[in-house]
Amino acid sequence: MDESAFASATRLAGEIRDRRIGCLELLDFYLARAERHNPALNAIVVWQIDKARERARAADAALARGECWGPLHGIPMTVKESFNVAGLPTTFGNPLWKDNVAAGNAFLIDRLIEAGAVIFGKTNVPYMLADAQSYNEIYGTTNNPWDSGRSPGGSSGGEAAALAAGLSALGAGSDIAGSLRNPAHYCGVYGHKPSWGLISTRGHAPPGVMTPTDISVVGPMARHAEDLDLAMRALVGPDLLQQAAWRVELPPPRRRRLGEFRVAVWPSSPLCGIDSSVSEVFDRAVDTVRRAGATVDDRARPDIDEQEHQRLFMLLLRAATASRMRDEDFARQQEIAATLAEDDFSDRAAVARGATLLHRAWGSANEARTRLRYTWHEFFKRFDVLLTPVAATGAFPHNRNPDRDERTVLVNGRAAPYAEQLFFAGFASLSYLPATAAPIGTTAEGLPVGLQIIGPEGEDPTTIEFARLLAAETGGFSPPPAYS
């Protein structure tokens, strides 16, 4: 059974269907690993063990009758704490909501259950999902399985840590500014940010909120790229208000061989320097793609201004997250916005400007974003995917400085602003594009490195297939040494 810890969910699902492994047997295997390893990681923070065992027994009984519930039949899973799971708390790491117990499931949870999954726990997040780390006053700090002194990323950091350590077969998280992608990068697993709107976010919101948040998406995390595809095909579909008229059909990948892809590469920017430890691994991966026969262009760019793009992204990002603010926090942002100088582009200023944006100004910004979406559409007529780094460094040490403007990461010996890590995430987030984070190796220090694969809007299978084909050349996921 030990080899099952890091096996793909796709393989495990096949073994379950072929009756080579039992659903309860597999669940108990992962629960035993979690009991052994989770105390040091603090990745899984909410449990429903009895309910999961009951469902696993029912899954075994169904197979004995010749019934298969779906493509995830009997697969043991964890999901991010911020998803509503009936009977479990949904807190967003906010002490004010520590007693908020969900009455029903999020859309994504229902889709997983309909596909046959067995959900046994929820994983840790930062306060209000608003950090590239995963700690909060309710559940404490999650550590990176590659180095416990470092963060696993955020806000889907608990999920990435659990998967990397082999505590779960498959996972689900959310992303507005890299929250699936940077934990995948920091922990050496896969994360897919879907095209905006492709999977309903209903049930992934603060208590009482039903309106989808601009830019924000929910999606799968896994140790193997093929599992992203397996999960996406289970998750996509119209929600309640659209079911009467809408159908969702994912297109096939544009290419089936790595050497057939038309690949653009954006390796760095003055707005986000990349540490040499990361760029060396990234460059090797690009060379691998080139040697496979793909057409690779490292100078191709869509017709956008990097600085203006980043300002627009930060403006609409902070406008989107303002809906989660308490009244007193919003009032404070109004006070800050009234005092800002025009040339103040700090993270503090971006938060205040976006949070207090007038609707007319938001409409103008949204018009600019819509034009960008068409710009990307034209770009992806010439290229199939765009490769970028995910973040500037490997996993960084835990940093709890409450003043975000004082937080830094060390990039090539220079202290770089913490918020710079959002730059490459913004390309896909702002314009609703799909993006897959894929592990490509480790630094000399032994920390995992991922790359971001961005694709055309609505063509999610293309970025996932590229990630799968690349894994055949680079090795894909490798277990952290302490957990292998």
Out of all the residues in the stretch 461-472, is one or more open to solvent by 10 Å² or more (accessible area, probe 1.4 Å) and part of a strand (DSSP E or B)? no
Is there a residue in the stretch 174-194 that is surrounded by fewer than 24 Cβ atoms within 10 Å (Cβ to Cβ) and closer than 16 Å to L129 by Cβ? yes
Tell me yes or no: at least one residue of the stretch 44-53 is closer than 17 Å to D18 by Cβ, open to solvent by 10 Å² or more (accessible area, probe 1.4 Å) and touching a residue at least 40 places away in the same chain (Cβ under 8 Å). no
Give the residues of the stretch 269-309 that are among the acidic types (D, E) and either assigned to a helix (DSSP H, G or I) or free of Cβ contacts under 8 Å to residues at least 60 places away in the same chain (or both), sorted by residue number. E280, D283, D287, D298, D305, E306, E308
Pull up the stretch 173-195, narrow it to residues that are part of a loop (DSSP other than H, G, I, E, B), touching a residue at least 60 places away in the same chain (Cβ under 8 Å) and closer than 19 Å to P145 by Cβ, then point me to the one that is nearest to the chain's Cα centre (by Cα). L180
Filtering the stretch 102-149 down to residues that are hydrophobic (A, V, I, L, M, F, W, C) and closer than 13 Å to P183 by Cβ, which residue is most open to solvent (accessible area, probe 1.4 Å)? W146
Determine which single condition G66 fails, assuming it passes every other condition in (1) at negative phi; (2) free of Cβ contacts under 8 Å to residues at least 24 places away in the same chain. (1)
So if I check each of A40, A61, which one is of a type outside the set (K, R), more than 26 Å from the chain's Cα centre (by Cα) and open to solvent by 30 Å² or more (accessible area, probe 1.4 Å)? A61
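Residue by residue, here is whether (1) out of contact with any helix residue (DSSP H, G or I) (no Cβ under 6 Å at 6 or more places or on another chain); (2) in a loop (DSSP other than H, G, I, E, B); (3) of a type in the set (S, T, Y); (4) without any contact (Cβ under 8 Å) to a residue 12 or more places away in the chain holds:
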residue	(1), (2), (3), (4)
V79	yes, no, no, no
F92	no, yes, no, no
G104	yes, yes, no, no
V125	yes, yes, no, no
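Each row is one residue, and each column tells you yes or no for (1) within 23 Å of S134 (Cβ to Cβ); (2) surrounded by 14 or more Cβ atoms within 10 Å (Cβ to Cβ); (3) in contact (Cβ under 8 Å) with a residue 24 or more places away in the chain.
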site	(1), (2), (3)
R371	no, no, no
F379	no, yes, yes
F383	no, yes, yes
L387	no, yes, yes
P402	yes, no, no
Taking into account only those residues within the stretch 309-352 that are small (G, A, S) and open to solvent by less than 30 Å² (accessible area, probe 1.4 Å), which is modelled with the lowest pLDDT? A350
Can you tell me which residue among L228, L198 is in contact with a strand residue (DSSP E or B) (Cβ under 8 Å, 6 or more places away or on another chain), surrounded by fewer than 24 Cβ atoms within 10 Å (Cβ to Cβ) and not in a strand (DSSP E or B)? L198
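The values are calculated or read from the model by the stated rules, or taken from the named source; none is laboratory data. Keep in mind it's a predicted model, so treat the numbers as computed, not measured. Don't worry about glycine lacking a Cβ; one is built from the backbone with ideal geometry, like all the others, and counts go over all protein chains shown. The area values use the complete protein model at the heavy-atom level, side chains included, leaving out ligands, DNA and RNA. Shrake-Rupley method; radii C 1.70, N 1.55, O 1.52, S 1.80 Å.
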